[in-house]
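A short worksheet on the structure shown next.
The values are calculated or read from the model by the stated rules, or taken from the named source; none is laboratory data. Values in this document were obtained by computation on a predicted structure and should not be read as measured data. Cβ: placed from backbone, ideal geometry, glycine included. Neighbour counts: every protein chain shown. Please note that ligands, DNA and RNA were not included when accessible areas were found on the heavy atoms of the full protein model with its side chains. Shrake-Rupley method; radii C 1.70, N 1.55, O 1.52, S 1.80 Å.
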Amino acid sequence: MPASVFPLVITLVRRESAVLYYANLAIHAVVGNMDDASVIKDQVVLNDIVFHIATADHLRSVETIIDSIRQRAVQGLKTIYIHNSGATLLSDTAQGDYKSDTVFDDEQPGQINILPDSVIA
């Protein structure tokens, strides 16, 4: 299929150097980070489908997305929001009390495989 048949995909990137990389994949990259509420808002209000797959622990970005979806709703626009990286952040009451400095790496699955099933959702 020609690329024009597919919907436009936009991604948020932290570095300007990533823009060309994604352009070569026919993906439009917007420079910013998850604390850039205005950048996130600008993109959400323009798009019908929003994926948040960056992290499970960044409440401000989630709140910005939800506020932006509300703005779309006021205009009669529907939005599909898919958050597949820790949606429990929206209902978790831990409030950061269980923070750890451990960083799990997908390229080292042994770190995750040794965890008991009770801690893996």
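Ordering Thr11, Gln71, Leu59 by the projection of their Cα atoms onto the charge dipole of segment 7-87, which places +1 on the Cβ of Lys and Arg and -1 on the Cβ of Asp and Glu, puts Gln71 at the extreme positive end.
Pop the C-beta distance of Ala54 and Asp105 into the FRET formula with R0 = 22 Å and round what comes out to the nearest 0.05. With R0 = 22 Å, the Cβ-Cβ based efficiency is 0.85. Full extension of the chain between Ile112 and Asn33 gives 25.8 nm of extra length, using 0.36 nm per residue less the Cα-Cα distance.
Annotation: for a label point projected 7 angstrom from Cα along Cα→Cβ of Val45, residues of segment 55-69 with backbone N closer than 16 Å are 64-69.
3J(HN,Hα) couplings calculated from phi for segment 75-83 with the Karplus curve 6.51 cos²θ - 1.76 cosθ + 1.60 (θ = phi - 60°) are, in sequence order, 8, x, 9, 8, 9, 9, 10, 10, 10 Hz; Gly and Pro show x. Note that segment 7-87 shows a convex hull volume over its alpha carbon atoms of 88 Å³ per residue. These residues, Val74, Val9, Val39, go from largest to smallest accessible area, 1.4 Å probe, as Val74, Val9, Val39.
Working from Cα pairs under 8 Å separated by at least six residues, relative contact order for segment 7-87 is 27 percent. Between amide H atoms placed 1.01 Å from N, distances below 5 Å from Thr11 occur with His28, Ala29, Val30, all of them 5 or more places distant or on a separate chain.
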